[in-house]
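Undergrad: Can you read through this structure? Questions will come right after.
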Amino acid sequence: MLIDGRIVAVIKSKTVDESNLGQFINEVVILSQINHRNVVKLHGCCLEAEFPLLVYEYIQNGTLYQYIHEQNEEFPLTWDIRIRIAIEVSGALTYLHSAASLPIYHRDIKSTNILLDDKFRAKVSDFGTSKSIAIDQTHMTTLVQGTFGYLDPEYFQSSQFTEKRDVYSFGVVLVELLTGQKPILSTRSVERSLAAYFKLMMKENCLFDILDARVSKASGKEEITRVANLAKRCLNSSGRKRPTMKEVTIELEGIRTLHGVSTIQPNYEEDECVVNELTMCWDVASTLTRSHLGSSVLPSQDAHPLLFN
């Protein structure tokens, strides 16, 4: 708890190397440009300590991954909640892609990077590998980075990153919400991606054989089919044939209206924008997520505020 009463979370790297420091600096650069209700808020940082620190708002209810893949009787993920969370995440990505001062590609969308606050509202997190680009730039060529199960095959082959890479990863999250399955399916003999399995089952008209029981029991066939078809479009092997995140958000809003739930207004505009001309440190040779970075997230008990925006 800070001296003003705010509860914060502190991410502390357990190791210090050039890649870790680069991702920490990159996250500060990206998040200093963003203040969106569905993006985790960065309060401050300390890069001069022995181990770099980032200070965030404390998001108390963990990750979306936990609620999809670990049974939680206290807060079951109903269909309405799943649709709402999907809209909140897609709205945040829509803002990053098309309403921020410079387009921002997240580059590592996955259910473990979607946090849930005290009201179970979605907060997109982990911008360590994110990238902002020039407005007139159509793509960028980078070292392939991502998380298996969410990695766009087209990007893996070409190394050219576009906004449609985030669309593909979001499509995998949609399939997780539909099926309750993990992004990598493991059997005794083989591992395969949930995305490939989902597309195969859709092709064979077996969608309702793979749904999460909590979805199939609580929602209408038409809504499920529309969300599944949207996820299929997001997972198209050709990025050009995928919808934009704005189109995804509009379609999800339409599905939510069909369900008879009053819609929330997608927040394409940022609540407040602070743009800093900072030099971005970008020298990361491989994808490192929070779990792979060996970093820890904990509520801070320090009563002394660090560096604030």
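Values quoted throughout were computed directly from the atomic coordinates according to the rules given, and no laboratory measurement underlies them. Small disclaimer: the values here were computed from a predicted structure and weren't measured. Cβ sites come from the backbone with ideal geometry, for glycine too, and all protein chains shown count toward neighbours.
Undergrad: Can you find, among TYR56, VAL29, HIS97, the residue sitting farthest towards the positive end of the charge dipole of the stretch 18-98, where Lys and Arg contribute +1 and Asp and Glu -1 at Cβ?
TA: Toward the positive end, the furthest listed residue is HIS97.
Undergrad: Is any residue of the stretch 102-118 close enough, with backbone N under 18 Å, to a label point placed 7 angstrom from the Cα of ILE7 along the Cα-Cβ axis, and if so, which?
TA: Only 115-118 fall inside the zone, counting backbone N under 18 Å.
Undergrad: State the extension gain, in nm to one decimal, for the chain segment bounded by GLU222 and THR257, taking 0.36 nm per residue of separation less the distance between their alpha-carbons.
TA: Value of the extension gain: 11.4 nm.
Undergrad: Can you compute the label reach from THR78? Point 7 Å from Cα along the Cβ direction, backbone N cut-off under 19 Å, restricted to the stretch 207-236.
TA: Answer for the stretch 207-236: 212-224.
Undergrad: Another question, if that's okay. So if I place +1 on the C-beta of Lys and Arg and -1 on the C-beta of Asp and Glu, and nothing else carries charge, what would the dipole magnitude of the stretch 1-76 be about its Cα centre? I want it in debye, nearest 20.
TA: About 220 debye.
Undergrad: If the cut-off is 21 Å between C-alpha atoms, which lysines fall inside it for LYS119, apart from same-chain ones fewer than 8 positions away?
TA: List returned: LYS41, LYS110.
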